[in-house]
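Trainee: Let me begin by handing over the structure; questions about it come next.
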Amino acid sequence: MQVSKILEILIALGLFYFLFSTLVSLLFEWYSFKTQKRGRFLYETILKLLNDPVNKSYGASLYSHFSIDQLKKNRDSYPQYISSDMFADALIDIIGSQSETTKFENIFDPKGSTNLVDVKLVEERIEDPYKRFKKGLDQMNYSPLKSYLRAFYEKTEDYPELKTKITKWFDDYMERVSGWYKTKTKRSLLIISLLVCLALNVDSITLIKKLNSDDKYRKDLVLIAEKKSLENKINAQKIDSVDIAKNIESIKSVITEIEDSSLPIGYNSDFLKSKEEKIGPMLLWWICGIIISAFALSFGAPFWFEVMVKAINIRRAGIKPS
């Protein structure tokens with residue numbers, strides 16, 4: 001087999017997997033949105049970050065903070081995303097609020113000391129948030145979290161520096177959380193990939209056979225892949241996990257692209273006519289093709305987009321076939 005033909009098959013396969021893995025990613029985001037999978041996971045990891053059994057649940061306090069509470073869609077939902085700036089401001093405020101005291105002062109009628117005319121709320125509060133944070137720290141019982149936050153304070157001189165330290169701490173933690181989330185969601189992605197492959201009859205072995213035998217079809221897919229690589233040069237796939245209506249439109253758009261590419265998928269008449277032949281070895285090959293497709297789609301759209309682009313670049317660098 002010629003090298004150019006192998007590259008063309010690889011490019012066509014990259015396009016094939018890119019389109020279907022995009023569909024899988026969109027369906028996974030829809031599933032995550034409906035089940036609040038991402039929001040719940042974020043909540044659990046922040047509770048773990050701010051775990052302090054010696055003092056109080058600062059993770060729960062953070063989610064009760066006004067700025068974070070406003071991110072919730074409804075009472076029972078969880079924010080899908082919390083920015084590092086918002087996290088730092090809320091945490092500094094929560095720690096500092098421990099130094100505040102409030103009391104009610106009864107105001108009596110000056111003409112008659114027994115006549116209550118008003119009740120006034122009196123707050124004893126440090127206005128400087130940096131100093132208030134320090135006093136709130138001092139009132140905490142010793143714990144690993146207190147030691148960690150105190151180290152931040154001792155390395156800074158004002159509020160902006162303190163906020164920068166806590167922001168960096170949260171960003172570093174979120175990078176690790178992203179890795180944990182990807183590991184946790186691999187199983188869900190694989191299941192959704194398998195369901196998509198079974199529903200649409202996405203058989204990799206059948207596709208490879210067709211690409212190897214049909215030169216015109218293979219070259220047509222290569223042209224589509226080259227066009228797709230130019231359209232998505234800057235951003236391979238950006239999925240909005242919040243706007244579910246937009247996700248549904250994206251799913252429809254990807255399905256239309258798959259149909260327009262005339263990919264050999266679906267339970268067409270040829271497949272149904274040959275169902276009797278698929279008992280035995282043919283059935284085994286079909287199952288293998290579905291499993292290969294499901295495993296490949298679970299790698300994600302960005303991975304297959306990179307494979308497709310690199311194969312296109314290698315093909316362009318070589319001698320074009322006559």
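The values are calculated or read from the model by the stated rules, or taken from the named source; none is laboratory data. On a predicted model such as this, the values are computed, not experimentally measured, just so you know. Using ideal geometry, Cβ is built from the backbone for each residue, glycine included, and neighbour counts are taken over all protein chains shown. These accessible areas exclude ligands, DNA and RNA; they are computed on the full protein's heavy atoms, side chains included. Shrake-Rupley method; radii C 1.70, N 1.55, O 1.52, S 1.80 Å.
Trainee: How much accessible surface does residue 118 have with a 1.4 Å probe, in Å² rounded to 10?
Mentor: 80
Trainee: Now for a separate question. What do you reckon, how do 111, 184 stack up by accessible area (1.4 Å probe), largest on top?
Mentor: Working: 111 195, 184 110 Å².
Final ranking, largest accessible area leading: 111, 184.
Trainee: What is the local net charge at residue 84, summed over the other residues whose Cβ is closer than 12 Å to its Cβ (Lys, Arg +1; Asp, Glu -1)? Mind showing how you got there, number by number?
Mentor: Details: positive: 163, 165, 168; negative: 85, 89, 171, 172, 175.
With Lys, Arg at +1 and Asp, Glu at -1, the neighbours total -2.
Trainee: Would you please give the FRET efficiency between residue 6 and residue 124, computed as 1/(1 + (r/R0)^6) with r the Cβ-Cβ distance and R0 = 56 Å, to the nearest 0.05?
Mentor: Working: r = 77 Å, r/R0 = 1.37.
The calculated FRET efficiency here is 0.15.
Trainee: Assuming R0 = 30 Å, can you tell me the calculated FRET efficiency for the pair residue 188 and residue 101, based on Cβ-Cβ distance, to the nearest 0.05? Present the calculation step by step, with values, prior to reporting the outcome.
Mentor: Values: r = 48 Å, r/R0 = 1.60.
Efficiency computed from Cβ-Cβ geometry: 0.05.
Trainee: Something else: Which distance in nm do the two modelled labels at residue 34 and residue 210 give, with both placed 7 Å along the Cα-to-Cβ direction?
Mentor: Inter-label distance under the simple model: 2.9 nm.
Trainee: Could you list, in their original order, any pairs among 37/131; 135/182; 184/228; 37/163 whose Cα atoms are separated by more than 32 Å?
Mentor: Cα-Cα > 32 Å for 37/131; 135/182; rest within.
Trainee: For residue 3, what accessible surface area do you get with a 1.4 Å probe? Give it in Å², rounded to 10.
Mentor: The accessible area of residue 3 comes to roughly 110 Å².
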